[in-house]
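A short reminder: the numbers here are calculations on the coordinates, not readings from a lab. The model shown is predicted, which means the values in this text are computed figures rather than measured ones. Heads up, the Cβs are rebuilt from the backbone with ideal geometry, glycines too, and the neighbour counts pull from every protein chain shown.
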Amino acid sequence: MKNFTHLIIAGVGPGDLGLITLKAIREALYSDMILVPRSKIHEQGLAEKIIAHYLPSRKLTPILFPMTRDSNQRDEIILSQLESIRREIESSEEIFFPVIGDSVLYSTGAYLIEAMKKITAVDVRFIPGISAHSLASSCAKRFLAMSDEILTIIPGTASPEKISAALEHSDSIAIYKPSAIRDIKRYVDPEKFRVILRVDFAGIPEREKIFDGESALEGIDEYLSVILLKK
């Protein structure tokens, strides 16, 4: 009888099919079970699409991660889904879970780990992946930071006070989920930044768009958007 389950949280890149690592593909290939995150239960997530592209014959088991700020509700929903497949989990030596971007940056893997611990003993391993701000900067043909510049990553879901403080004390900034910020021009004064860029759907050729200057601060309604700023 096994003592624990190996749970692999793997970053599979920010959306470009070519940016998944060979290590992530190899671990997915040899795992006993592959769980994939979804924000809508009947709609494939981006991480799932990437894994399905490389391993089309593998069974992928979707887990709903509801987009809610109610952490108790989220955790209960995740746990109930794991309970429904408990037998399969307990019989698996290695479970693979892909996440968009990097495995340790704003990763849904953290929620899965906590829920999985209530099902079985787990040994967690991480496989790093390319982050959205790195891809966005590459698409825009810009360096993120150089020399002694301070680079800060800001989630758009942060409090107004945190956002303002981070913008004030940083030289180079990447803003994730900018659509969550109400009136972003209240925080980003075009006079203070020599570079203002927004990349929507970076790495997805048919949908990728790059906005430069003040236009980058308008009409922000895409979840997969990153704003890049430099003073």
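Beta bridges assigned by DSSP with both partners in the chain are antiparallel in approximately 45 percent of cases. Per-residue ellipticity at 222 nm computed for the chain from its helices equals -7500 deg cm²/dmol, with DSSP H segments shorter than 4 residues left out and the rest contributing -39,500 (n - 2.57).
Based on Cα atoms of region 5-127, Rg over Rh with Rh as the Kirkwood radius reads 0.92. Bridgeable aspartates and glutamates around residue 231 (alpha carbons under 19 Å apart, same-chain partners fewer than 8 residues away excluded): 148, 149, 168, 171, 189, 191, 212, 214. The HN-Hα couplings worked out from phi for region 63-69 by the Karplus form 6.51 cos²θ - 1.76 cosθ + 1.60 (θ = phi - 60°) are 10, 6, 10, x, 7, 9, 8 Hz, whole numbers, x standing for Gly and Pro.
Here the Debye sum runs over all C-alpha atoms of region 67-123 as equal scatterers in vacuum, and log10 of I(q)/I(0) at q = 0.13, 0.17 Å⁻¹ comes out as -0.35, -0.59. Normalised by residue count, region 132-230 yields a Cα convex hull volume of 86 Å³ per residue. Note on residue 150 and residue 114: with the Förster distance fixed at 25 Å, the Cβ-Cβ geometry gives a FRET efficiency of about 0.20.
Sequence-distant contacts, meaning Cα pairs under 8 Å at least 6 residues apart, place the relative contact order of the chain at 22 percent. Summarised in one figure, the compactness ratio Rg/Rh of the chain, Cα atoms and Kirkwood Rh, is 1.01. Here residue 118 is the anchor, and the lysines within straight C-alpha reach of less than 23 Å, apart from those fewer than 8 places off in the same chain, are 2. For the residue pairs 177/230; 162/230; 162/192; 185/209; 117/177; 23/209, the C-alpha atoms sit more than 24 angstrom apart in 117/177; 23/209.
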